[in-house]
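Worksheet: the structure to be examined is printed underneath.
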Amino acid sequence: MNAERLTARSVAAAVIGNALEFYDFVVYTFFAIQIGHVFFPAHSAYLSLMASLGTFGVGFVMRPIGGILIGRYADRVGRKPAMQLCLVLMGIAILGVAAVPSYAAIGVAAPLLIVVARMAQGFALGGQVGSTTAFLLEAAPASQRGYYAGWQTASQYCAMLTGGIVGTVLSIFMSSAELDAYGWRIAFALGGLALPFGLFLIRGVTETLHLPEGASPVLRPERSMALWLEHRRIILLGLVVLASATIFTYVTNYMTTYAEHVLHLSVSQAFVATLAGGVSGIAGALFGAWLSDRIGRWPVLVWPRLLFILLVWPLYAWMAAERSLGAVLVATVVLITLGSVSFGPFSAAMTESLPKHMRGTGYGTIYAISIAIFGGSAQLIVTWLIHKTGSPLAPAWYLIVSGLVGLFAVVLMPETAPARAAIVAAAAE
């Protein structure tokens, strides 16, 4: 797909599929307390929330499997069919979550069904990320790869924004009892409405795998392993960077629960902060990705991340002291803007570093493994740390430690933006 054939529909098709995948995970986070009440009744609010977040983490276990199997399918057959498969799986699973009866109605079968749905959603998301990122990178002209691949990150914040809007509206018009009973189900069901629209858009997308006539798209097993070993350095760096990134993503997505459960703001106030975070994330990711096409990936990956690390603790301390909507809004906007600017160009940087026939499998698997280990546990760890220490600043320390590790890894990453990489290579000669 060349620049002239690249259309808004192609980008929208990839983004809506990716956004739906993340919408489910984001909405689950937003309504973790309500879902805990419905499916995991316990003697304390803490145990109920921990059970709910534990089930949230189950979905991450399936991500590496989806990254490998669906990613390989994308590298062998094409990006388009892989994206279609993931969209259908996620649409069915998200509607399934909305329809599962409560624990009070069917007993232990209810949480078991939720676990199955979470596993299906994790499998789909594991395959979606690699396929979508490879498609966006290959569909873009070389001078705009960062910007177009940056929509992968931006789509996550589109999901956050959409989930925030849905959550805000529901919290305004429904009581806490109504949110517990069926309000959260409405949020999941609305996500399912994107399924037919997404499938309609993907039908018109042009495949980007572009194999030469007569070439086999299947890599021999020994050659596939050789490619992984050949690119082991960037793969290891990618694992570390994505571990740091996913901790950032899921701890900042946790802001709704944090504002409600720790700072004791109202549900509607907590969702307003989420709306602000969604807007900031979209703008920051696209700006960072766009900027990386002009000044290079490396400086955009490094400097905003350093500033983020320096500001995390003061902003959390301010939120804990003020316990006001204004403080939560400012802290959320600043942290998510800095984080998303830095993460915006990462999808392009990582995917550009891999050969075409391992992009879907490679990036998807790297992403899924990091997310499975650190994303699924992030909110559990934060909730446990707050409970054990009694300190509302526990998330800040977790973000600082993970941020420093991620900063070390991005400093070691090579420059991959076509224009800047050529300059760097020439200077090295």
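What to note about this one:
- Checking each residue in the stretch 67-89 for being surrounded by 24 or more Cβ atoms within 10 Å (Cβ to Cβ) and either basic (Lys, Arg) or in contact with a strand residue (DSSP E or B) (Cβ under 9 Å, 6 or more places away or on another chain) (or both) picks out only ARG79.
- Wholly enclosed helices (runs of 4 or more DSSP H) of the stretch 339-411 bearing at least 1 residues surrounded by fewer than 24 Cβ atoms within 10 Å (Cβ to Cβ) and in contact with a Phe, Trp or Tyr (Cβ under 9 Å, 6 or more places away or on another chain): 376-389, 394-411
- Number of positions in the stretch 399-422 that are at pLDDT 90 or above, of a type outside the set (A, V, I, L, M) and more than 27 Å from LEU315 (Cβ to Cβ): 3
- Taking every residue in the stretch 74-89 that is within 13 Å of VAL205 (Cβ to Cβ) and pairing it with any residue that is open to solvent by 60 Å² or more (accessible area, probe 1.4 Å) and assigned to a helix (DSSP H, G or I), at least 6 positions away or on another chain, the pairs with Cβ-Cβ distances below 8 Å are PRO81/TYR73; ALA82/TYR73.
- Residues (open to solvent by less than 10 Å² (accessible area, probe 1.4 Å) and within 22 Å of LEU263 (Cα to Cα)) located in the stretch 295-315: VAL312
- The stretch 49-63 - residue that is open to solvent by 30 Å² or more (accessible area, probe 1.4 Å) and either within 19 Å of the chain's Cα centre (by Cα) or of a type in the set (Gly, Ala, Ser) (or both) and, of those, modelled with the lowest pLDDT: ALA51
- Here is the figure for the stretch 264-294: residues that are among the aliphatic types (A, V, I, L, M), at pLDDT 95 or above and open to solvent by 50 Å² or more (accessible area, probe 1.4 Å) total 1.
- Test: LEU335 is outside any helix (DSSP H, G or I), within 22 Å of TYR147 (Cα to Cα), of a type in the set (A, V, I, L, M, F, W, C) and more than 15 Å from the chain's Cα centre (by Cα): no
- Residue-level check: of (1) at pLDDT 85 or above; (2) over 24 Å from GLY198 (Cα atoms), SER131 misses just (2).
- Index of the failed condition, TRP318 passing every other in (1) free of Cβ contacts under 8 Å to residues at least 40 places away in the same chain; (2) within 22 Å of VAL410 (Cβ to Cβ); (3) open to solvent by 40 Å² or more (accessible area, probe 1.4 Å); (4) not β-branched (Val, Ile, Thr): (2)
- Subset of the stretch 158-180 [open to solvent by 10 Å² or more (accessible area, probe 1.4 Å) and touching a residue at least 60 places away in the same chain (Cβ under 8 Å)]: CYS158, LEU161, THR162, ILE165, VAL166, THR168, SER171, ILE172, SER176, ASP180
- Selection status of LEU95, at pLDDT below 85, open to solvent by 10 Å² or more (accessible area, probe 1.4 Å) and either on the phi < 0 side of the Ramachandran plot or touching a Phe, Trp or Tyr at 6+ places or on another chain (Cβ under 6 Å) (or both): no
- Of the criteria (1) without any contact (Cβ under 8 Å) to a residue 24 or more places away in the chain; (2) surrounded by 20 or more Cβ atoms within 10 Å (Cβ to Cβ), which one LEU236 fails: (2)
The values are calculated or read from the model by the stated rules, or taken from the named source; none is laboratory data. Predicted, not measured: the structure shown is a model, and the values here were computed from it. Positions of Cβ are generated from backbone atoms using ideal geometry, with glycine treated the same way; all protein chains shown enter the neighbour counts. For the accessible areas, the whole protein counts, side chains as well, though only heavy atoms, and no ligand, DNA or RNA atoms are used. Shrake-Rupley method; radii C 1.70, N 1.55, O 1.52, S 1.80 Å.
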